[in-house]
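Enquirer: Take a look at this one; I'll ask things after.
The values are calculated or read from the model by the stated rules, or taken from the named source; none is laboratory data. Since this is a predicted model, take the numbers as computed values, not measurements. When we count neighbours, we look across all protein chains shown, and the Cβ atoms used for this are built from the backbone with ideal geometry, even at glycine. These area figures cover heavy atoms from the full protein model, side chains too; ligands, DNA and RNA do not enter into them. Shrake-Rupley method; radii C 1.70, N 1.55, O 1.52, S 1.80 Å.
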Amino acid sequence: MKNPYQKTIYACFTGYIVQAIVNNFAPLLFVMFHENYGIPMEKITLLITFNFGLQLLVDLLSVGFVDRIGYRASMVLAHVLAAAGLLSMTVLPGIFGDPFTGLLVSVIIYAVGGGLLEVLVSPVMESCPSDNKEKAMSLLHSFYCWGHVGVVLISTVFFRAVGIGYWPVLAGIWALIPLINAAVFTKVPIAPLMEEGEKGIPLRQLVSMKMFWGLLIMMVCAGASEQAVSQWASSLAESSLGLSKTAGDLAGPMMFAVMMGLGRAFYGKKGDQINLEHFMKWSGMLCIISYLLIAFSPIASLGLAGCALCGLSVGIMWPGTFSIASAAMKRGGTALFALLALGGDVGCSLGPTVAGQVSGWLGDDLRAGILAAIIFPVMLLAALTVKGSVDKARAHRVVTDEAAF
């Protein structure tokens, strides 16, 4: 029998494509904003900071209102705001006397939509019937990567064929995707996240649990490890590695996204045969190596290989942490997903902000900025190691207690 929630699953996939558009279209224009509008790189960094910073505020506030207004209404609102922000970016810089102000207002609008999507898509997907939740979650998050690839590839071809000066036209085209998906979410079935009569873990109890805080730290580090390279990949390829705009976008953010998508798709296919936490530990070590390659490679090709390797390594971090949390706290409900999304968005803001600020302090040296951000994959690896040790100690106690009987 055909799964009645198949259309819901497809709409969730598209929701993460919308999230990819919101997070990755503007960074392709950073150098153009810097050159045409005369906006310093330090102020452009604020666009990233406000995008993810506001998303994390929405993550926090959504704990109180998503359950009240319902997932369907929240999903539709998220998509409409994402579209409105993209469209605003085409007109507001010309309306405001300061183009940066216009861009910032636009970012604020679509960041609210992006923050809601971050909270909503994963639990809606989690509620849909499936054979393996971990595989389904990894596959879902791979669509963020394919959306990222599509944004970079289509945008690069458009800029090459028509000219980057026509970017507002492309922004309008990208805005059609969230508008269409908003209409889809008005009709598809949405299953409840918990069984009827089951109550979620109260927020006060949730934030008192040590495991929750460990998982939150992992989410912060996952978001930071990913976005510190992703958000600056285009600028890194152009300014630090000396590539053209077209080559920089194709070899930087697009290769990063392709490799991240392949990593997630691989786990989405083989996840039932792989220990998730072991896979994440190896990924953390690979991520550290990739950061070192980017920072210290003597030739551009090795630096670009580091960007691609970083994409592959971070692929499992975000969805893997969600899966671990879902299994460990089955009654976490909206609060758990919202707070984890908040942690992820803290990282998404913190990672590129650290890289950008350190870069600015050291004469716009993006390699030095990326090197400073290596602290995040190091912390993620440490958190996974601590969790593994705690789990082993807990399992040993259970065996010892059973032996006593």
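Enquirer: I need to check one value: relative contact order of the chain, counting alpha carbon pairs closer than 8 Å and at least 6 residues apart, in percent.
Expert: Values: 665 pairs, mean separation 99.9, N = 405.
Relative contact order here is 25 percent.
Enquirer: Within region 341-374, which residues have the backbone N less than 16 Å from the label spot 7 Å out from residue 382 along Cα→beta-carbon, could you tell me?
Expert: 372-374
Enquirer: For the chain, which whole-number percentage of the solvent-accessible area (1.4 Å probe, protein heavy atoms only) is attributable to carbon and sulfur atoms? Could you put the intermediate results ahead of the total?
Expert: Values: 11250 of 16560 Å².
On the chain, the fraction of accessible area on carbon and sulfur atoms equals 68 percent.
Enquirer: Then there is this: Over the chain, what lengths in whole Å, largest first, do the semi-axes of the equivalent ellipsoid take, defined as the square roots of 5 times the eigenvalues of the alpha-carbon gyration tensor?
Expert: Details: eigenvalues 226, 136, 68 Å².
Gyration-tensor ellipsoid for the chain: 34, 26, 18 Å.
Enquirer: Give, as a single signed number, the net charge of other residues whose beta carbon lies under 14 Å from the beta carbon of residue 227, with Lys and Arg counted +1 and Asp and Glu -1.
Expert: Combined, the nearby Lys, Arg, Asp and Glu give -3.
Enquirer: Next question. Using packing as a proxy for protection, rank 211-224, 67-80 so that the peptide with the highest average count of other Cβ atoms within 10 Å comes first. The partial results should precede the final answer.
Expert: Working: 211-224: 24.2, 67-80: 18.1.
Per-residue mean Cβ counts within 10 Å order the peptides as 211-224, 67-80.
Enquirer: Could you please state, rounded to a whole Å, how far the C-alpha centre of region 7-52 is from the C-alpha centre of region 58-84?
Expert: Taking the Cα centre of region 58-84 as reference, the centre of region 7-52 is 20 Å away.
Enquirer: Dividing the alpha-carbon Rg of region 287-336 by 2.2 N^0.38 Å yields what? Please report the intermediate quantities before stating the final value.
Expert: Details: Rg = 16.3 Å, N = 50, 2.2 N^0.38 = 9.7 Å.
In units of the globular-protein estimate, region 287-336 measures up at 1.67.
Enquirer: Separation of region 282-314 and region 351-368 by C-alpha centroid, Å?
Expert: Between the Cα centre of region 282-314 and that of region 351-368, the gap is 17 Å.
Enquirer: Here is a further query. Between residue 368 and residue 299, what is the FRET efficiency for a Förster distance of 25 Å, r being their Cβ-Cβ separation, to the nearest 0.05? Intermediate values should be presented prior to the final figure.
Expert: Details: r = 18 Å, r/R0 = 0.70.
So, using R0 = 25 Å, E works out to roughly 0.90.
Enquirer: Still on this model: Per DSSP H run of at least 4 residues, take -39500 (n - 2.57); add these up for the chain, divide by its residues and hand me the 222 nm value, nearest 500 deg cm²/dmol. Walk me through the numbers on the way to the answer.
Expert: Details: 17 runs with 317 residues, N = 405.
Using -39500 (n - 2.57) per qualifying helix, the result is -26500 deg cm²/dmol.
Enquirer: I would also like to ask the following. With viscosity set to 1.306 mPa s and temperature to 10 °C, compute the Stokes-Einstein D of region 107-147, Rh being the Kirkwood radius across alpha carbon pairs; µm²/s, no decimals.
Expert: Details: Rh = 11.3 Å.
It comes out at roughly 141 µm²/s.
Enquirer: How far is it, in nm, from the label point at residue 330 to the one at residue 361 when both lie 7 Å from their Cα along the line to the Cβ?
Expert: 4.7
Enquirer: Please calculate how many Å² of accessible area the chain carries per residue, with a 1.4 Å probe and no DNA, RNA or ligand atoms counted.
Expert: On the way: 16560 Å² over 405 residues.
With all protein chains present, the chain gives 41 Å² per residue.
Enquirer: Right, something else. Testing the spin-label approximation: label points 7 Å from Cα along Cα→Cβ at residue 153 and residue 207. State their distance in nm.
Expert: For the pair residue 153/residue 207, the computed spacing is 4.3 nm.
Enquirer: Would you mind giving the three semi-axes, in whole Å and largest first, of the ellipsoid equivalent to region 33-90 according to its Cα gyration tensor?
Expert: Values: eigenvalues 180, 44, 4 Å².
One finds semi-axes of 30, 15, 5 Å for region 33-90.
Enquirer: Would you mind putting 5-17, 291-303 in packing order, based on average other-beta-carbon counts within 10 Å, highest first? Could you put the intermediate results ahead of the total?
Expert: Numbers: 5-17: 20.5, 291-303: 16.2.
With the highest mean Cβ count within 10 Å placed first, the list reads 5-17, 291-303.
Enquirer: Let me ask something else about it. What order do you get for 32-39, 47-54 when each peptide is scored by the mean count of other beta carbon atoms within 10 Å, highest first?
Expert: Working: 32-39: 15.0, 47-54: 22.5.
Taking the mean over residues of other Cβ atoms within 10 Å, the ranking is 47-54, 32-39.
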